[in-house]
Structures are given as structure tokens and as C-alpha cells.
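Q: Sharing a structure, written as C-alpha cells. Questions coming.
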Amino acid sequence: MPRTDPEGHGPVRYGPPLPADGLPVPPELSAVLAAAASRAEGEPVGGGPALRAAACGYWERRGLPTAPDRVVAAPGAPALLLALTAALGGDVLAPRPCTAWWTPYARLLGRPVYHVATPVECGGVPDPYALLETVRRVRAEGGDPRLLVLSVADDPTATVAPPEFLHETVEAAAGEGLHLVSDETWRDTLHDPQETVLLSPAEMLPGKVTVVTDLAGGLLPPGWPAAVARFPASAAGDGLRARVLDVLTALDACVAAPVAVAAGHVLGEPGPVTARRSAAARLHGRVAAAAHAAVVAGGALARPPRAGRHLYVDLGPLRAALGAQGVSDAQELEDFLTARLGMPAPGGHRFGDDLQALRVRLCTGPLLGASEEERAECLRSPDPLELPHVRRALIQLRSVFDDLRDAQRWEPPR
């Protein structure tokens, strides 16, 4: 009988972390944190004036004018989404697949989560017609959908939603009275910013969208948790922000004071910060493109990665070869590939996908080397794909998928 709940890996107790960049912390940023380490006073709930002002400048440079009284900071985006879900009430809608940490917080609050199919072009944003049908069905069954969470630069699919498609989905959500939370954690990790157009839903529907950005995406190390939220400039936005602050206060969810200083520094985007961010995005983009070529040549399917430090791979075409290895669902595929590749390969069921679908998220960080020195060398090298340790990692990846492809060819028809 197929498993529906993998043993030992419940939806709340286990979830893959954000794809880390694997690179050393820049010395300048370490110095900023160290200089603030002696601060004895704590950061207030929601963030102090300096941090919120820095967030306003960050969004202003992205075409989203923001006042400090529209901003809330927290120790990571999960705390913000938990508070937003509690404050808004009702049922939650999310694309399938979606970021791993979105749905556990709704479940912790006892809120139903309904996944909506995404289009062929991209992940992160529901198909507008599927969204309308899901809302209709949920309401017909007595549900109360109020919140749609989406991401234009997506984890796990590493795609960027085309603006015209995003507009259709945003209009459909607005027509149904849904509040949108736009997770923009990965917007600063575009592999080719000159060729990729990224628009925020908040530019299209200012009064109905709350923007959430976890700084672990492109600005801070994941071990320094900090995130910021931008609320709509409206009476409804005022009320929502106040309720979110109530929840964060009850949780005592404050950004650590030294981390708040570091967060304000990177949100200010001085030259060294933007240069390092751009270099890291280019590096991961090149490695992701090479990994994509390897898995596609091996017979798997994957959308070309456009942002982030990961790609989402569908091994459905290799099902027969995997079945001969005892792999029949995403949990078994996760175990199989993690062992074969020597790196984490979380299955699609971690991201709200069907357990029976043979999909995994692969990250580029582990392909950069085993030591801090090797990973730092990748950042300095004009051709990181030619570094011996990167070549070995990509050859290992390619060989695993090539072996499956060759086994698939010899698998007798069933």
C-alpha cells in the first residue's frame, strides 16, 4: 500500500531549510555584527526606527514607496507569516508546490490549507482559473478562504512569474476578496537581472498585498534571522499591522539587537553588499544552469532556474528505473538521491506536492565544495565550473542521472 504520511517526517516536525548560499560571511558584515555585540538594550517588537527606515529605503529603490509605520520586522519570515495567518483568520490558499515553511504555520493554528495548481510557465503563483475554481469549491463546502500566499521568485521551482500572468492571478484574487501575502525572499537573487522582469503584486494591487522578505534570501546568513514586512497604506492595512504586532508581542518575537544592526546595514545596500549579492547570484546561476543541463540530459524534467540557489526536478520519466531501485514515492526518492548524491534532496511532498509524484528540490550550495576555502574560491574564480571540486560535484550529479536514464532504456515494458 502506498505511504501517505512518511514515518518520522511530519509536516511540522520536519521541513527543509532555505537553500543556503554556502559562502563565507563577508568580513565587512562580520565587523558590523561584532561592533553591535555589546548592545545591551533589546530591539522592540516590530523593529526599531533605524531598521524600519532602512527597510523603507530598500523598498523605495524597488518602486514600492513605504512609510516606517507600514513596516514590521521579525526574527525570520516564518514568524511574520504565522502572525499574518493568525491576524487574518480564515482558510489559506497556496500554490502547489510551495515554499516548505508556508503551510506548517497554518496547520499549527488549525487553519485549512488548499493548494492550487500552477501553470506550465512558472511556479509560485497559482493559475488564475484554478484559483477561482478552488475558491468556489471551498466556499461551497462551507470554508472561508481569506489569504493567498504566493512568490514571484519561487522556492522550490526557482522560476520567476511573468508579469502578465501574475496580473491575471492578482486580479482574480482581488475579485474574490482575498488578501495576498507576497513572499519576496528571493527577488534579489535573479541569475540574469537584465533578462528577467520581476514585478511585485504590491505594484499591481497596493491596497491588498502585504510583502514579506526574509533577509536570508540574498542579504544575511541564514543563522542571523531577520525579516521585514510591508503593509498596505490603508485603514485595513493599519488594522492588520496592529494585529500582527499583537501576535509578535505575545510570542516575544524580536530581532536580536546585533542582528538588527546588521539587517539595517544590508538593507541600506552599500556598495560592497550589492557587489557581493550580485556575485553570489551569478555564481549560483551558473552552477544551477549546469545542474539543470545535467538532470535534463539524464532524462528528468525541470524548468530552467531563473532565481535562487536551487532547481526543482521531476523524475517521473525515470519511474521504471527508480521502481527497480525500490523507489515509488517522493519520500523514497528523497532517501535514494540523498544517499547517491551525498547532498540533501528533499522530496516534493515537503513542498505540498503529491507524495506519489517523483519530484525533488536540489540546491546549488553543496556543489560549491566541502570547505569554506573551496566555496570562497568559487566566488573569486572567473570560471567556477572549471574548478576541480565543482567539476567533481557536477560529474557526480550527472552520473547519477545518466545511470537512471540508461537503466530506464533497458527496463522491460510492464
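The values are calculated or read from the model by the stated rules, or taken from the named source; none is laboratory data. Small disclaimer: the values here were computed from a predicted structure and weren't measured. Note that we place each Cβ from the backbone using ideal geometry, even for glycine, and neighbour counts take in every protein chain shown.
Q: Look at segment 269-286 and say how many of its residues are crowded, with 16+ Cβ neighbours inside 10 Å and farther than 23 Å from residue 363 by Cβ.
A: 1
Q: Would you call residue 127 touching a Pro at 6+ places or on another chain (Cβ under 7 Å) and farther than 26 Å from residue 239 by Cβ?
A: Yes.
Q: Would you pick out the residues in segment 18-75 that are part of a helix (DSSP H, G or I) and closer than 22 Å to residue 372 by Cβ? Walk me through how you get there before you give the answer.
A: Going through segment 18-75, the residues part of a helix (DSSP H, G or I) turn out to be 27-35, 49-60, 68-70.
Once the filter is applied, which keeps residues that are part of a helix (DSSP H, G or I) and closer than 22 Å to residue 372 by Cβ, segment 18-75 yields 27, 28, 29, 30, 31, 32, 33, 34.
Q: To continue, here is another question. I'd like the full set of residues that are among the small types (Gly, Ala, Ser) and modelled with pLDDT under 95, limited to segment 188-215.
A: Listed by number, the list holds a single entry, 207.
Q: Another question about this same structure. Counting only residues that are touching a His at 6+ places or on another chain (Cβ under 9 Å) and in contact (Cβ under 8 Å) with a residue 40 or more places away in the chain, how many does segment 376-391 have? Quick ask: steps written out before the conclusion?
A: First, the residues of segment 376-391 that are touching a His at 6+ places or on another chain (Cβ under 9 Å): 377-378.
Add one more test, that the residue is in contact (Cβ under 8 Å) with a residue 40 or more places away in the chain, and what stays is 378.
Going through segment 376-391 one residue at a time, the tally reaches 1.
Q: Picking from 79, 86, which residue would you name as being in contact with a Leu (Cβ under 7 Å, 6 or more places away or on another chain), surrounded by 18 or more Cβ atoms within 10 Å (Cβ to Cβ) and within 15 Å of residue 226 (Cβ to Cβ)?
A: Result of the check over 79, 86: 79.
Q: Next question, about the same structure. Could you tell me how many of the residues in segment 31-41 are surrounded by 12 or more Cβ atoms within 10 Å (Cβ to Cβ) and either assigned by TED's automatic domain parsing to the domain that holds residue 373 or at pLDDT below 95 (or both)?
A: 1
Q: Now a separate question. Can you name the residue in segment 394-414 that is aliphatic (A, V, I, L, M) and touching a residue at least 40 places away in the same chain (Cβ under 8 Å) and is also nearest to residue 343 (Cα to Cα) among such residues? Write out each step before concluding.
A: Restricting attention to segment 394-414, the residues satisfying the condition of being aliphatic (A, V, I, L, M) are 394-395, 397, 400, 404, 407.
Pick out the ones that are also touching a residue at least 40 places away in the same chain (Cβ under 8 Å) and you get 394, 397, 400, 404, 407.
Values: 394: 12, 397: 10, 400: 12, 404: 18, 407: 22 Å.
The selected residue is 397.
Q: Of the residues that sit in segment 139-160 and are under 22 Å from residue 177 (Cβ atoms) and touching a Leu at 6+ places or on another chain (Cβ under 8 Å), which one is surrounded by the fewest Cβ atoms within 10 Å (Cβ to Cβ)? Outline the logic, then answer.
A: Taking segment 139-160 and keeping what is under 22 Å from residue 177 (Cβ atoms), we get 139-152.
Subsequent filtering for residues that are touching a Leu at 6+ places or on another chain (Cβ under 8 Å) retains 145-150, 152.
Values: 145: 22, 146: 17, 147: 24, 148: 30, 149: 26, 150: 29, 152: 24.
Step by step, filter segment 139-160, then rank; the result is 146.
Q: Since residue 334 meets every condition but one in (1) assigned to a helix (DSSP H, G or I); (2) in contact with a strand residue (DSSP E or B) (Cβ under 6 Å, 6 or more places away or on another chain); (3) in contact (Cβ under 8 Å) with a residue 40 or more places away in the chain, which condition does it not meet?
A: Result: residue 334 passes all but (3).
Q: Which is touching a Ser or Thr at 6+ places or on another chain (Cβ under 8 Å), over 22 Å from residue 154 (Cα atoms) and among the aliphatic types (A, V, I, L, M), of 322, 355?
A: On inspection, the qualifying residue turns out to be 322.
Q: Let me ask you something else. Are there any pairs, at least 6 apart or on different chains, whose C-beta atoms fall under 6 Å, with the first in segment 122-145 and touching a residue at least 60 places away in the same chain (Cβ under 8 Å) and more than 11 Å from residue 169 (Cα to Cα) and the second in a loop (DSSP other than H, G, I, E, B) and of a type in the set (D, E, K, R), and if so, which?
A: Once the first residue is touching a residue at least 60 places away in the same chain (Cβ under 8 Å) and more than 11 Å from residue 169 (Cα to Cα) and sits in segment 122-145, its partners that are in a loop (DSSP other than H, G, I, E, B) and of a type in the set (D, E, K, R) give 123/154.
Q: Return the total of residues in segment 273-311 being among the hydrophobic types (A, V, I, L, M, F, W, C), under 18 Å from residue 341 (Cα atoms) and assigned to a helix (DSSP H, G or I).
A: So the count comes out to 10.
Q: Considering (1) touching a residue at least 60 places away in the same chain (Cβ under 8 Å); (2) over 26 Å from residue 18 (Cα atoms); (3) surrounded by fewer than 14 Cβ atoms within 10 Å (Cβ to Cβ), say which one residue 372 fails and leave the rest.
A: Here residue 372 meets the rest and fails (2).
Q: Can you find even one residue in segment 203-226 that is in a helix (DSSP H, G or I) and over 20 Å from residue 87 (Cβ atoms)? Quick ask: steps written out before the conclusion?
A: If we filter segment 203-226 for residues that are in a helix (DSSP H, G or I), which is where we start, we get 203-204, 206-208.
From the residues that got through so far, the ones that are over 20 Å from residue 87 (Cβ atoms) too are 203-204.
Checking segment 203-226: at least one residue is in a helix (DSSP H, G or I) and over 20 Å from residue 87 (Cβ atoms).
Q: Now for a different question. Of 179, 191, which residue is of a type outside the set (A, V, I, L, M, F, W, C), farther than 19 Å from residue 102 by Cβ and buried (at least 18 other Cβ atoms within 10 Å of the Cβ)?
A: From the options 179, 191, the qualifying one is 191.
Q: Being crowded, with 18+ Cβ neighbours inside 10 Å and either of a type in the set (Lys, Arg) or not in a helix (DSSP H, G or I) (or both) is the requirement here; does residue 340 meet it? Walk me through how you get there before you give the answer.
A: On the way: crowded, with 18+ Cβ neighbours inside 10 Å: no; either of a type in the set (Lys, Arg) or not in a helix (DSSP H, G or I) (or both): yes.
When the stated conditions are applied, residue 340 does not pass them.
Q: While we're on this one: Within segment 89-97, identify whether any single residue is of a type in the set (Lys, Arg) and without any contact (Cβ under 8 Å) to a residue 24 or more places away in the chain, and answer yes or no.
A: No.
Every residue, every condition in (1) loosely packed, with under 15 Cβ neighbours inside 10 Å; (2) hydrophobic (A, V, I, L, M, F, W, C); (3) over 20 Å from the mean Cα position of the chain (by Cα); (4) part of a loop (DSSP other than H, G, I, E, B), yes or no:
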residue: 350; (1), (2), (3), (4): no, no, no, no
residue: 353; (1), (2), (3), (4): no, no, no, yes
residue: 361; (1), (2), (3), (4): no, no, no, no
residue: 366; (1), (2), (3), (4): no, no, no, no
residue: 377; (1), (2), (3), (4): no, no, yes, no
residue: 382; (1), (2), (3), (4): yes, no, yes, yes
residue: 385; (1), (2), (3), (4): no, yes, yes, no
residue: 389; (1), (2), (3), (4): no, no, yes, no
residue: 393; (1), (2), (3), (4): no, yes, yes, no
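Q: Quick check, is residue 44 surrounded by fewer than 20 Cβ atoms within 10 Å (Cβ to Cβ) and free of Cβ contacts under 8 Å to residues at least 24 places away in the same chain?
A: no
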